[in-house]
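To keep things clear, I will list the structure first and then write my remarks on it.
The values are calculated or read from the model by the stated rules, or taken from the named source; none is laboratory data. Note that this is a predicted model, so its numbers are computed, not measured. When we count neighbours, we look across all protein chains shown, and the Cβ atoms used for this are built from the backbone with ideal geometry, even at glycine.
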Amino acid sequence: MSKNYDVIVVGAGPGGVACGALLAKWGVKTLLVDKNSRIGGKAMTVSKNGFRYEYWPIAACPATNTQIHLLLKTLGLDEDVELIAPDPLGIMHYETPSGKIKTMLMPGGGKPMDPQEAFNLLGIKDADMPEIMRLFTDMLGMSRHDQNLLDDVSVLQFLDRYQIPKSMYSLLATLQSEGTLEVPGDIACASEFVKVFQQNNTYGGGLYPAGGFGRMYEAIAKSAQTNGSDIILRTRVERISVENGRVTGVLTDKGVFQAPIVVSNAGIQPTVLKLVGEEHFDKSYVNYVRDLVPSFGFAGARYFLSKPVLKHPLYVYFADDTISTMEKHLKAEAGQMPERIYVFMSTNSLYPGMAPKGKQLIYTGITCPADPKTNIKPWLDKVEEEIARLWPDVFKYIEEKEYYGSAQISRLSRDSVVPGAGGECIGLGQIVGQCGNLKPSPKAPVGGLFYVGADAGSSGFGNHMCVESGMNVAKLVRDYWATHRLPH
Ligand SMILES: Cc1cc2nc3c(=O)[nH]c(=O)nc-3n(C[C@H](O)[C@H](O)[C@H](O)COP(=O)(O)OP(=O)(O)OC[C@H]3O[C@@H](n4cnc5c(N)ncnc54)[C@H](O)[C@@H]3O)c2cc1C
């Protein structure tokens with residue numbers, strides 16, 4: 001194996017692997033390094049007792065016409081990796097103020113939600129329609145330029161501009177905002193919210209790669225190898241070396257590798273503050289990086305059931321008072337959990353080959369602090385209390401349980417180098433003032449250093465955003481490589 005490369009990609013999460021595979025396809029000599037034993041980062045697929053499952057993602061959004069489709073096609077993998085958009089996707093549960101639980105089927109197959117069905121679920125009156133239509137028309141027709149004007153506006157501030165009923169307000173603030181951006185609505189960025197709303201309402205939601213997200217990322221990594229890239233797993237990058245303001249390679253627990261370009265998928269904060277070291281950056285940039293706010297973490301459970309309980313991949317519940325705010329989160333941290341929370345249950349066992357016959361794995365969870373040191377028990381207790389109240393059948397068939405929280409997320413994907421950060425569910429750059437045009441640049445102020453993945457290079461939701469970041473950053477890196485090949 002070589003010790004010299006054109007580009008080293010640190011981390012084989014969705015962004016890193018997409019970026020590395022494209023660079024390899026374009027003839028750039030690339031090394032992909034990951035500390036884990038498998039490809040995929042937070043979207044890795046693992047096996048246990050005949051089940052195959054992701055530690056985390058349930059589904060990508062949008063469902064059709066995505067950057068994931070485009071990447072697979074570009075790499076010649078569109079025949080190899082099947083992308084499933086299940087129809088229906090699941091069931092939405094809305095609890096009325098009088099405590100009645102109403103349900104509706106959520107469409108899949110790339111179809112957007114039928115507004116009339118949603119209005120019936122939410123008890124929308126004729127008199128409320130003009131204002132709701134004004135909001136929907138504004139959101140669906142909003143240009144990228146106008147979205148960027150919302151970079152400094154929170155989701156709740158944006159929704160407050162419209163006089164809409166509480167039930168519709170909650171659907172948007174909980175499922176469509178907190179459920180994707182993973183920060184409370186009063187700090188979530190409205191420009192991101194509008195972008196995700198447009199994507200989901202144009203191309204539907206609920207994309208799942210057959211065999212699992214991890215299988216898809218493994219196929220992408222394999223294509224990188226076929227195109228000449230080296231991949232080393234179980235290898236931690238300890239340092240990204242910098243000389244005279246330019247990167248020169250990486251120091252790992254398996255030795256030193258050299259390259260004039262390093263793309264980091266390890267998160268901006270760990271990259272700047274630990275892998276490169278703050279001495280190589282301006283104080284103001286270091287402060288900027290420290291001030292980036294992580295999305296929230298996640299605490300939840302996986303239940304291995306002796307009998308299938310769910311008929312569809314996704315079940316969600318919300319009520320008028322499940323809108324989360326920073327104040328509610330701070331109270332929860334102080335021990336006062338809200339009475340009602342937005343909660344979901346999902347299963348990938350309905351997809352071929354993902355579970356032993358007649359069994360099912362169910363996955364649930366709730367946002368919690370991103371700090372890996374958080375004691376997640378109160379959040380787990382709350383989510384289990386709600387599952388028992390809403391879907392009691394689940395508890396009849398549990399053969400085994402697994403719990404997870406911000407500590408596991410951090411261990412699998414990114415180091416905690418700033419107090420309160422590391423276990424973020426999505427990444428940085430999800431809040432007001434740090435999104436859209438204000439999202440961190442993927443180009444670091446050190447020659448040859450780039451960031452890829454959730455923190456930089458794209459926007460939107462989870463895996464789709466990270467794959468798009470991989471594609472955008474690959475183009476930036478290719479141009480940098482093409483123009484910096486002569487020694488300086
Ligand atoms: C609970 C939960 C639920 C989610 N649900 C969804 C969902 O339903 N849909 C969706 O689309 N998204 C979902 N996501 C989000 C999505 O999975 C992430 O946004 C995405 O995986 C981030 O990708 P990334 O490219 O930033 O890299 P990550 O997935 O963060 O991977 C980073 C990689 O870098 C490697 N690395 C880090 N440091 C080093 C080092 N020093 N040396 C070597 N390697 C290193 C890690 O091992 C890891 O493989 C969920 C996430 C969580 C936690």
Problem - Subset of the stretch 2-30 (residues that are on the phi > 0 side of the Ramachandran plot and surrounded by fewer than 24 Cβ atoms within 10 Å (Cβ to Cβ)) - result: Gly27
Exercise for the section: Within the stretch 398-431, track down each residue that is within 13 Å of the chain's Cα centre (by Cα), of a type in the set (S, T, N, Q) and at pLDDT 95 or above. Expected result: Ser413
Practice task
Could you grab the pairs with beta carbons closer than 6 Å, sequence gap of 6+ or different chains, first residue in the stretch 46-64 and closer than 20 Å to Glu192 by Cα, second one assigned to a loop (DSSP other than H, G, I, E, B) and within 8 Å of the ligand (Cβ to nearest atom)?
Solution key: Cys61/Phe461
Problem - Set Val394, Val418, Val477: member being more than 12 Å from the ligand (Cβ to nearest atom) and either part of a loop (DSSP other than H, G, I, E, B) or among the aromatic types (Phe, Trp, Tyr) (or both) - result: Val418
Practice task
Return yes or no: is Pro57 under 28 Å from Gln176 (Cα atoms), within 16 Å of the ligand (Cβ to nearest atom) and assigned to a loop (DSSP other than H, G, I, E, B)?
Solution key: yes
Practice task
Looking only at the stretch 435-458, count how many residues are within 23 Å of Phe193 (Cβ to Cβ), in contact with a helix residue (DSSP H, G or I) (Cβ under 8 Å, 6 or more places away or on another chain) and surrounded by fewer than 24 Cβ atoms within 10 Å (Cβ to Cβ).
Solution key: 4
Practice task
Take Lys311 and decide whether it is more than 16 Å from the ligand (Cβ to nearest atom) and under 25 Å from the mean Cα position of the chain (by Cα).
Solution key: yes
Handout entry: Yes/no for Tyr203 being more than 9 Å from the ligand (Cβ to nearest atom) and over 26 Å from Gln434 (Cβ atoms)
Key = no
Practice task
Output yes when any residue across the stretch 304-314 is small (Gly, Ala, Ser), surrounded by fewer than 21 Cβ atoms within 10 Å (Cβ to Cβ) and outside the structural domain of Val467 (by TED's automatic domain parsing), and no when none is.
Solution key: yes
Handout entry: Residue among Gln434, Gln430 that alone is over 17 Å from Val17 (Cα atoms) and within 12 Å of the ligand (Cβ to nearest atom)
Key = Gln430
Problem - Pro313 vs. criteria touching a strand residue (DSSP E or B) at 6+ places or on another chain (Cβ under 9 Å) and either modelled with pLDDT under 95 or within 19 Å of Trp56 (Cβ to Cβ) (or both) - result: yes
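Rundown of residues vs (1) farther than 16 Å from Gly228 by Cβ; (2) crowded, with 17+ Cβ neighbours inside 10 Å; (3) in the same structural domain as Gly123 (by TED's automatic domain parsing); (4) among the small types (Gly, Ala, Ser), yes/no style:
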site: Ile39; (1), (2), (3), (4): yes, yes, no, no
site: Tyr53; (1), (2), (3), (4): yes, yes, no, no
site: Ala59; (1), (2), (3), (4): yes, yes, no, yes
site: Leu75; (1), (2), (3), (4): no, yes, no, no
Practice task
Among the residues of the stretch 249-270, count how many are out of contact with any Leu (no Cβ under 8 Å at 6 or more places or on another chain) and either free of Cβ contacts under 8 Å to residues at least 40 places away in the same chain or part of a helix (DSSP H, G or I) (or both).
Solution key: 4
Practice task
Scan (1) on the phi < 0 side of the Ramachandran plot; (2) small (Gly, Ala, Ser); (3) buried (at least 24 other Cβ atoms within 10 Å of the Cβ) for the single condition Gly267 breaks and write down its number.
Solution key: (1)
Handout entry: Among (1) touching a Pro at 6+ places or on another chain (Cβ under 7 Å); (2) not in a helix (DSSP H, G or I) - the single one Tyr285 does not satisfy
Key = (2)
Practice task
Would you check if Thr347 is under 26 Å from Ser47 (Cα atoms) and either touching a residue at least 40 places away in the same chain (Cβ under 8 Å) or within 16 Å of the ligand (Cβ to nearest atom) (or both)?
Solution key: yes
Problem - Unique residue being over 22 Å from Ala301 (Cα atoms), more than 14 Å from the ligand (Cβ to nearest atom) and at pLDDT below 95 when the list is Lys25, Lys29, Lys3 - result: Lys3
Completion exercise
Per the filter on the stretch 206-239, residues more than 18 Å from Arg52 (Cα to Cα), part of a helix (DSSP H, G or I) and within 14 Å of the ligand (Cβ to nearest atom) are Ile220, Ala221
Completion exercise
Selection over the stretch 433-465 where residues are more than 20 Å from Gln147 (Cα to Cα) and either part of a helix (DSSP H, G or I) or assigned by TED's automatic domain parsing to the domain that holds Val183 (or both) yields a count of 1
Problem - Scope the stretch 224-234; condition touching a Ser or Thr at 6+ places or on another chain (Cβ under 8 Å) and crowded, with 19+ Cβ neighbours inside 10 Å; matching residues - result: Ala224, Ser229
Handout entry: Given (1) modelled with pLDDT under 95; (2) at negative phi; (3) buried (at least 18 other Cβ atoms within 10 Å of the Cβ), index of the condition Leu207 fails
Key = (1)
